[in-house]
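The values are calculated or read from the model by the stated rules, or taken from the named source; none is laboratory data. All of these numbers come straight from a predicted model, not from anything done at the bench. All Cβ positions, even for glycine, are placed from backbone atoms using ideal geometry, and neighbour counts span all protein chains on display.
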Amino acid sequence: MVQRELYIKKIEELIDTDLIKVITGIRRSGKSYFLKLIIDKLINERKVDKEDILLIDLELPPYNYITNRKQLDDIVLKFLENKNSRTYLFFDEIQMVDEWEKSITAYYKLPNTDIYITGSNSKLLSKELSTLLTGRYTSITIYPFSFNEFKDYKKELNDRCIFNKDTNTEIENYFDEYLEYGGMPGVIATRNRKITTLNDLFSSIVYNDIITRFNIRNSGLFRHILKFIIENIGNPLSPNAIYKHLKHDITKGLTPNTIYNYLEYLEEGYLLLGASKEKTSGYEEVTGFHKYYLIDQGFYKSELEEKQINIGRRIENMIYIHLLRNDYKVSIGNIKGREIDFIAKKNNKRIYIQVCYMLTKQSTINREFGSLLEIKDNYPKYVLSMDKYDFSREGIEHINIIDFLQNTNKYLN
């Protein structure tokens, strides 16, 4: 099993605390797998009896018939009958149950219970629980596999890399596969049907977690807007800007407010995540504009033709998600009219990052380093690219992207 150490370290500190553990993330990102890792840790390291653990996966038999809290309560309360020892309750995809939050609140008030729940909607859980249990829950977001986890999983599967370019090292071939197809576990596990698996997963997320959940009636309009956003990944966008671009192509149903709602639904369903823009001098946030990124770079292949895919944008997308995965709050910057790709903040510290594919031209070098040279504070400043030659200068560190992904602790912690 891939030991998702980044998340395990977080959960170890929370086991047996008086908090509901809320685990969210996009569909099929490994939330169920993570619950099983927690259960294994309870049994093997904390010596918890299996009989004191209840796991209810609401998408699989024998529990996928449960749709309301009464059905859920019948199972849980029967399990808790005559229990004197501490019990551990795990609920996978809890949002499948109507009024689930009332049941979870009731279980929380019972003595000797430790509760873990997962869901595929970023705000559904927090909205409901914040009303009933303010300060009594904590959340962890599960992201698709990092590059290191991707390599570990390939090794576990005993699966060689699908690319075998003679000009690449082995690790470069693995990186090319990760960049091309992403880090969704189910996609990594398929060798000959990766595109089909990606497309099926993408469609399932769009339809089940967004269109159906938010009762979007004009699915054609929604898909048109979604494709436009994906075509413009890494470009600053706002509802008004999108409206101005599309209003001549779409004459019915398109309004800035509709676009705003769709963007919110896409973020709540974890398909897209947005980085806000701020002025780097004084750090004043510029409202309205965001850069949007896909939760996994593999999903580019689900919506765009190969000729439409910009490798630099895909790499930028991958780095953005990697920063979020490592608990950074990320915004985009602007100083004296120069764009800064990412300002990553954590524990009252910050890192400035520029991302590009290759520093092949002097104009590219001047652009990427020039923005960072305008910043006069002493926080780390990185330029990331695929180049093997070290272009570091004037206190700005140039880092190879593969090195950055493989040695996260060196550069980010």
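Summary of values
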item: Helices (runs of 4 or more DSSP H) enclosed by the range 203-277 - at least 1 residues per element that are under 21 Å from L304 (Cα atoms) and within 19 Å of the chain's Cα centre (by Cα); result: 219-231, 256-268
item: Filtered residues of the range 200-225 (kept if in contact (Cβ under 8 Å) with a residue 40 or more places away in the chain and either in contact with an Asp or Glu (Cβ under 8 Å, 6 or more places away or on another chain) or within 12 Å of Y265 (Cβ to Cβ) (or both)); result: F202, I205, V206, D209, I210, R213, F214, I216, F222
item: Output for the range 161-178, where each listed residue is surrounded by 14 or more Cβ atoms within 10 Å (Cβ to Cβ) and either among the acidic types (D, E) or touching a Cys at 6+ places or on another chain (Cβ under 6 Å) (or both); result: E172, N173, Y174, D176, E177
item: Conditions (1) of a type outside the set (F, W, Y); (2) over 28 Å from V355 (Cβ atoms); (3) exposed (fewer than 13 other Cβ atoms within 10 Å of the Cβ); number of the one not met by K244; result: (2)
item: Unique match (being within 22 Å of the chain's Cα centre (by Cα) and free of Cβ contacts under 8 Å to residues at least 40 places away in the same chain) among N407, N348; result: N407
item: Qualifying positions in the range 179-196 - of a type in the set (S, T, N, Q) and either part of a loop (DSSP other than H, G, I, E, B) or crowded, with 19+ Cβ neighbours inside 10 Å (or both); result: T190, N192
item: Pair list, Cβ under 8 Å, 6 or more apart: the range 376-391 residue more than 25 Å from K346 (Cβ to Cβ) and assigned by TED's automatic domain parsing to the domain that holds N347, other residue of a type in the set (A, V, I, L, M) and in a loop (DSSP other than H, G, I, E, B); result: M386/M358; D387/M358; D387/L359; F391/L359
item: Residue count, the range 129-165 (criterion: among the basic types (K, R), assigned to a loop (DSSP other than H, G, I, E, B) and either more than 30 Å from I20 (Cβ to Cβ) or within 23 Å of the chain's Cα centre (by Cα) (or both)); result: 2
item: Test result for T197, under 30 Å from I402 (Cα atoms) and outside the structural domain of D327 (by TED's automatic domain parsing); result: yes
item: Output for the range 328-367, where each listed residue is closer than 30 Å to I140 by Cβ, at pLDDT 95 or above and part of a loop (DSSP other than H, G, I, E, B); result: Y328
item: Residue in the range 70-90 that is under 29 Å from the mean Cα position of the chain (by Cα) and of a type in the set (D, E, K, R) present; result: no
item: Matching entry among K10, K50, K36 (being in the same structural domain as Y137 (by TED's automatic domain parsing), within 13 Å of T118 (Cβ to Cβ) and among the charged types (D, E, K, R)); result: K36
item: Subset of the range 378-396 [charged (D, E, K, R), touching a strand residue (DSSP E or B) at 6+ places or on another chain (Cβ under 8 Å) and surrounded by fewer than 16 Cβ atoms within 10 Å (Cβ to Cβ)]; result: K388, D390
item: Answer from Y357, Y382 - the residue that is among the aromatic types (F, W, Y) and touching a Gly at 6+ places or on another chain (Cβ under 6 Å); result: Y357
item: Yes/no for N82 being more than 28 Å from G183 (Cβ to Cβ), modelled with pLDDT of 95 or more and among the polar types (S, T, N, Q); result: no
